[in-house]
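Asks: What follows is a structure written as structure tokens; I'll ask about it next.
The values are calculated or read from the model by the stated rules, or taken from the named source; none is laboratory data. Predicted model only: the values in this text are computed from it and were never measured. No Cβ is skipped: glycine too gets one built from the backbone with ideal geometry, and neighbour counts run over all protein chains shown.
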Amino acid sequence: MMIAQRADHGSCGCETPPDPSSLVSIDEALRCVLKIAAPIDGTDTAPPSSVTGRILAKPVRAVAMTPPFDNAAMDGYAVDSTALTGAPPWRLSVVGRVAAGETSAGQVVGQTAARIFTGAPV
């Protein structure tokens, strides 16, 4: 079982640029890392309430999509792109808004748009 421990070295001098003559070689740095690092020599099963600071042995995969609907990846505007005819720029009336956790503002039709926020259903 491997539990990650927070290393507190006080003021390590990381905030000051190094003197090139004081740098160690890559081989020396690797030797230092290998001296203090321990390989993971097995796995363990533990309840989620007791795994703080532990390292996963394999990826965790969701069994279902969460949330269970298509949602906006970022803030923006929902538009009906088929209504954008002719040469740009286009003027659209903003007729609604949808935030995460809200239900849809209805269909956006014609030259209208809805303000949509990250996580909102689309």
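Asks: Just to be sure I understand, how many residues within segment 63-82 are over 24 Å from GLU102 (Cα atoms) and small (Gly, Ala, Ser)?
Replies: Filtering segment 63-82 for residues over 24 Å from GLU102 (Cα atoms) gives 63, 82.
Applying the additional criterion that residues be small (Gly, Ala, Ser) yields none.
Residues that pass the stated criteria total 0.
Asks: Now for a different question. Looking only at segment 58-66, decide whether some residue is surrounded by 10 or more Cβ atoms within 10 Å (Cβ to Cβ) and either at pLDDT below 85 or within 26 Å of the chain's Cα centre (by Cα) (or both).
Replies: No; the residues of segment 58-66 include none that is surrounded by 10 or more Cβ atoms within 10 Å (Cβ to Cβ) and either at pLDDT below 85 or within 26 Å of the chain's Cα centre (by Cα) (or both).
Asks: So, one more: Any chance you could count how many residues in segment 17-57 are under 30 Å from the mean Cα position of the chain (by Cα) and assigned to a loop (DSSP other than H, G, I, E, B)?
Replies: Selection size over segment 17-57: 17.
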